[in-house]
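First the structure, then my questions, so here it is.
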Amino acid sequence: VTQRDETLRKLCDLAALVGGRVVGDADLLVRGVSGLAEATEGDLAFYNNPRYREQLKATKAAAVVVSEKGLAQLDGRPAIVAADPYLAFAKISSAFHPAPRFAPGIDPRACVEAGAEVDPTATVMAFAFVAKGARIGERTVLFPGAYVGEEARVGRDVVIYPNVVVRERCSVGDRSILQPGVVVGGDGFGFAFDPSVPCHFKIPQAGVVEIESDVEIGANTAIDRATLGATRIGQGPKIDNLTQIGHHVKVGPLCILCGQVGLAGSSELGAGVVCGGQVGVANHVKVCDKARILAQSGLLADVPGAGGGCRPPSSAAGTP
Amino acid sequence: VTQRDETLRKLCDLAALVGGRVVGDADLLVRGVSGLAEATEGDLAFYNNPRYREQLKATKAAAVVVSEKGLAQLDGRPAIVAADPYLAFAKISSAFHPAPRFAPGIDPRACVEAGAEVDPTATVMAFAFVAKGARIGERTVLFPGAYVGEEARVGRDVVIYPNVVVRERCSVGDRSILQPGVVVGGDGFGFAFDPSVPCHFKIPQAGVVEIESDVEIGANTAIDRATLGATRIGQGPKIDNLTQIGHHVKVGPLCILCGQVGLAGSSELGAGVVCGGQVGVANHVKVCDKARILAQSGLLADVPGAGGGCRPPSSAAGTP
Amino acid sequence: VTQRDETLRKLCDLAALVGGRVVGDADLLVRGVSGLAEATEGDLAFYNNPRYREQLKATKAAAVVVSEKGLAQLDGRPAIVAADPYLAFAKISSAFHPAPRFAPGIDPRACVEAGAEVDPTATVMAFAFVAKGARIGERTVLFPGAYVGEEARVGRDVVIYPNVVVRERCSVGDRSILQPGVVVGGDGFGFAFDPSVPCHFKIPQAGVVEIESDVEIGANTAIDRATLGATRIGQGPKIDNLTQIGHHVKVGPLCILCGQVGLAGSSELGAGVVCGGQVGVANHVKVCDKARILAQSGLLADVPGAGGGCRPPSSAAGTP
């Protein structure tokens, strides 16, 4: 559903969009964005890494987004010079790929139970299910196979891709995006061994998951509900595919969790923590603000800041 | 769908429920359970770890479940003293959070093929699919998007959450719980290289998965069917989210598999084995009863018991 | 839906099927294939590993597929001698387990949007969804809960198991098999930090995933779409469960990825690479043809071939 907007735009207008400076023909017409290697006539490309210098020389791009430092390598090609070329390119790409719009309304093949509240501007596609007491906000989209449980709350401008599950009483904040197969609110992993049976006695997982706004969650990631209280995802984190987030975990605002990270029960990440792929964090471990955890690390103990506060950025790595 | 029962209960009745002893006002009315930090008036909380001593001092809980040893730290607050406070708290929490009940019957928007047998007390929600020859037992619940394949058997009192897949001829025992997105019976990963094409020739995965009773399986976990014969999960294991269980694996009774564990084909866990998060067990490796495998370990060789028998509990850890 | 064909076959006919040589009664009737331990009268079993010599002695199998070298251990039992007994057994098993056939047609409870093209020989089951502009090839099967997005292309003889998602504009080649819960085309994990807000600005993931023919993808595996251009899976790889494949990744022909592997964005695997379970490959890392990466390894740098070309087979292992 990501669409390409075919409108031609002037290089100067794109520069203005990102607060950049034009070098060369300000009226050059740009038709889209592309990688250096794939660009064809009329494309705007992006250069920020000397690793790709050969691609830069050979590119057919009409213009390039570049830093002040990289400008000298362009050999006179038209450019937009920006303080952060990556961010500038991202914003220009967004102009050429506006968010898709969906016709509002509830497909007759969807199931919205009595007592659910779906905003009239929301879209509920075939085979989506909204249980009683659930609320779906303005312009939010539920794709086929999405399930929103009893009394769950989904904010406005949320995109819930196919086969996502948001179980009962959990909440998802505004502008969040749940990629296909995400599970929010599965039962936490809590059992007490009862030797008299013997069995692992199931502890009721009566809590919820609370996800704030602007959170993106990757395909097939699972976030468990708390035993009591809430598992909390703050404002703005981005979470990659196949990540495991246990019960009572706290993920601070603006964290980045790469693919296949596992956060065990009651672990806590401060603000702006970055976890590389396949990192594991043990039960109850606390990680300070802005810590950077290398891929495949296993954290068995807290990553504290200095002096009781925080010493960002800190790095931690290694296996137990 | 986890509901809270708002009935007030006397402290002495709760103590009787768990074989505990009341200290203080036996007629104290309790309205629910809560964490020490979140408890408000009328709540019963739980204390078992000196790490939370400050929370104990500050709690607003009306009473606390505690061990004989921890009792001295309560400063006269009413208590239930139990040999295993964690288990006692779990049982009391269950009294306040009874399993939800569902109206029996097949939703007209579900698809139950001719030749499937669904017990009249079972619940089949909209968009659930039961293929021909499948059997669904008493009081079992299929949420929306659940798929039960041809000739699969699901026992009684099973909960199958949204978008779970149980493929053809597999079986799930009584009282088991499959969290959203679980896949039971995907094809095992078996190929024979044929250099004459070249290709990886697919070996038919003609076996099944057999899951005994009282098994809980976490969100988006995958358990593969055997090439021939069966992948077997014994009675009572608890398996966390995003776990990979290959073909022909045997998981003994009462094992605990934490999140993102991977058990490669034909590996075998004895009874009561505990695997920490992200553990990997290689093909054909056998792990003795009650072994405890540390998080992120990679097991390339058997974890034997002593003298041909077993030496529980043993621990194994490390990377290959 | 894997069915067993109960036809009795002569040992000589089975040998001819795989280019093998009969030892013993050529007219012996075989009714099926089985493991050495589970075989009963009339079964054909397979022996290739001295680890299972005791099972060979005790087996009730009527005949055994074996290598020239293993023949001496059979004590006169009828046999098919094959250069590659494993491949021969796989092919014989396929004869006894032919691919299931499905009645063609679109179930009235499926949703095929106007403008989608579904070949009349394809099967679209209840609750499957095919969006406008999508194309489904000859004899391809969509199980319940499968979702194929706008303008996606699915080839011929493809099997799409329940609750698989193929998002918009992605493509899946002929004879591929997607196990339950697979997600193809979730958004790549691309954000640019904008300190002025602050937020992680979402970079549009306007590219696609292109999967060639004869690819098998395991349950709940996720393959992300590219930012621009394509994430590419070549011809013939086999990918196990719960694998993470980031945006712009290239997986060469005939690769084998075991369970829970993670390939970070823009990493590239050559032809015939084998990754053991839980391997992680970092961003932009290139792995040469036929490299073998040990389980749980973390690759932070390229695995090059010798002299600018490739030195297969190479091995790499270890944690960062």
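The values are calculated or read from the model by the stated rules, or taken from the named source; none is laboratory data. Only a predicted model underlies this, so the values are computations on that prediction, with no experimental measurement involved. Using ideal geometry, Cβ is built from the backbone for each residue, glycine included, and neighbour counts are taken over all protein chains shown. Heads up: the accessible areas ignore ligands, DNA and RNA and are worked out on the full protein's heavy atoms, side chains in. Shrake-Rupley method; radii C 1.70, N 1.55, O 1.52, S 1.80 Å.
Report in % the part of the accessible area of region B:141-193 that belongs to carbon and sulfur, leaving out ligands and nucleic acids; probe 1.4 Å.
So the carbon and sulfur contribution to the accessible surface is 42 percent.
Please express the shape of the protein assembly as shown as an equivalent ellipsoid: the semi-axes are the square roots of 5 times the eigenvalues of the C-alpha gyration tensor, given largest first in whole angstrom.
After diagonalising the Cα gyration tensor, the semi-axes are 40, 40, 29 Å.
Another question, if that's okay. Among rounded, prolate and oblate, which fits region A:93-209 when a ≥ b ≥ c are the square roots of the eigenvalues of its C-alpha gyration tensor, a/c under 1.5 means rounded, and a/b larger than b/c means prolate?
In terms of gyration-tensor shape, prolate.
Something else: Mind checking how much accessible area A and C bury in total, 1.4 Å probe, in Å² rounded to 100?
The contact between C and A buries close to 3800 Å².
Using a loss threshold of 30 Å², tell me which positions in region C:263-287 are less accessible in the complex than in their chain alone. Probe radius 1.4 Å, ligands and nucleic acids ignored.
Flagged in region C:263-287: C:278, C:284.
Under a point spin-label approximation (7 Å from Cα along Cα-to-Cβ), what is the residue B:27-residue B:284 distance to one decimal in nm?
7.1
Follow-up. I'd like the FRET efficiency for residue A:41 and residue C:300, computed as 1/(1 + (r/R0)^6) with the beta carbon distance as r and R0 of 56 Å, rounded to 0.05. Let's see the in-between values first.
Numbers: r = 38 Å, r/R0 = 0.67.
For residue A:41 and residue C:300, the calculated efficiency is 0.90.
Now a separate question. Quick one: helix C:85-96 against the long Cα principal axis of chain C, what's the angle to the nearest 10°, folded into 0 to 90?
90
Relative to a virtual label point 7 Å from the Cα of residue C:53 in the Cα→beta-carbon direction, which members of region C:72-89 show backbone nitrogen distances below 16 Å?
Correct set: C:72-76.
Distance in nm between label sites at residue C:235 and residue B:156, each 7 Å beyond Cα in the beta-carbon direction?
So the label points at residue C:235 and residue B:156 sit 5.6 nm apart.
Please give me the summed charge of the neighbours of residue B:259: other residues whose Cβ is under 14 Å from its Cβ, Lys and Arg +1, Asp and Glu -1.
For residues surrounding residue B:259, the net value is -3.
Which residue fluctuates the most in chain B, going by a Gaussian network model with Cα springs under 10 Å, if the choices are B:129, B:193, B:143?
B:193
Please give the FRET efficiency for residue B:113 paired with residue A:117, using the beta carbon to beta carbon distance and R0 = 25 Å, rounded to the nearest 0.05.
With R0 = 25 Å, the Cβ-Cβ based efficiency is 0.15.
If you restrict to DSSP beta bridges whose two residues both lie in the protein assembly as shown, what percentage is antiparallel, to the nearest 5? Could you put the intermediate results ahead of the total?
Working: 27 of 225 bridges.
Once the DSSP bridges in the protein assembly as shown are tallied, antiparallel ones form about 10 percent.
Could you please put B:91, A:57 in sequence from largest to smallest accessible area, using a 1.4 Å probe?
Sorted by accessible area, descending: A:57, B:91.
Among A:250/A:286; A:202/B:91; A:132/A:250; C:250/C:290, which pairs are too far apart, with a Cα-Cα distance over 19 Å?
Where the Cα-Cα span goes over 19 Å, the pairs concerned are A:132/A:250.
Give the shape of chain C as rounded, prolate or oblate, defined through the alpha-carbon gyration tensor: a ≥ b ≥ c are the square roots of its eigenvalues, a/c under 1.5 means rounded, and otherwise the shape is prolate if a/b is larger than b/c and oblate if not.
Since a/c reaches 1.5 but b/c is at least a/b, the shape of chain C is classed as oblate.
How many nanometers, to one decimal and shortest first, lie between the label point of residue B:52 and those of its other copies, if labels sit 7 Å from Cα toward Cβ?
Going from nearest to farthest copy, the values are 5.0, 5.0 nm.
In nm, give the distance between the simple-model label positions of residue B:17 and residue C:13, each being 7 Å from the Cα along the Cα-to-Cβ direction.
6.6
Let me ask another. From the Cα gyration tensor of region C:154-263, with a ≥ b ≥ c the square roots of its eigenvalues, which class applies: rounded if a/c is under 1.5, or else prolate if a/b is larger than b/c, or else oblate?
prolate
While we're on this one: Report the net charge of residues surrounding residue A:238, where surrounding means a beta-carbon distance below 12 angstrom and charges are Lys +1, Arg +1, Asp -1, Glu -1.
That works out to -3.
Right, something else. Before I look further, what does region A:58-211 give for accessible area per residue, probe 1.4 Å, in whole square angstrom? Walk me through the intermediate numbers first.
Working: 5440 Å² over 154 residues.
Per residue, region A:58-211 has an accessible area of 35 Å².
Moving to a separate point now. Before anything else, pin down the relative contact order of chain C: Cα pairs under 8 Å, at least 6 apart, normalised by residue count, whole percent. All intermediate terms of the calculation are to be shown ahead of the outcome.
Details: 974 pairs, mean separation 23.1, N = 320.
It rounds to 7 percent for chain C.
A further question follows. Which residue, A:282, A:271, A:72, has the most motion in a Gaussian network model of chain A that connects Cα atoms within less than 10 Å?
A:72
Hey, can you list the residues from region C:23-53 whose accessible area shrinks by 20 Å² or more with all protein chains present, relative to the chain by itself (probe 1.4 Å, no ligands or nucleic acids)?
C:51, C:52
Between copies, how far apart are the residue C:16 label points? List them in nm, one decimal, shortest first, with each point 7 Å from Cα toward Cβ, please?
With the label placed 7 Å along Cα→Cβ, residue C:16 yields 8.0, 8.0 nm.
Are there GluC sites (Glu not before Pro) in region C:129-213 that DSSP marks as loop and that have at most 14 other Cβ atoms within 10 Å, and which are they?
Hits after loop and neighbour filter: C:138.
If Lys and Arg each add +1 and Asp and Glu each add -1, what is the summed charge of the other residues whose beta carbon sits under 9 Å from the beta carbon of residue A:157?
+1
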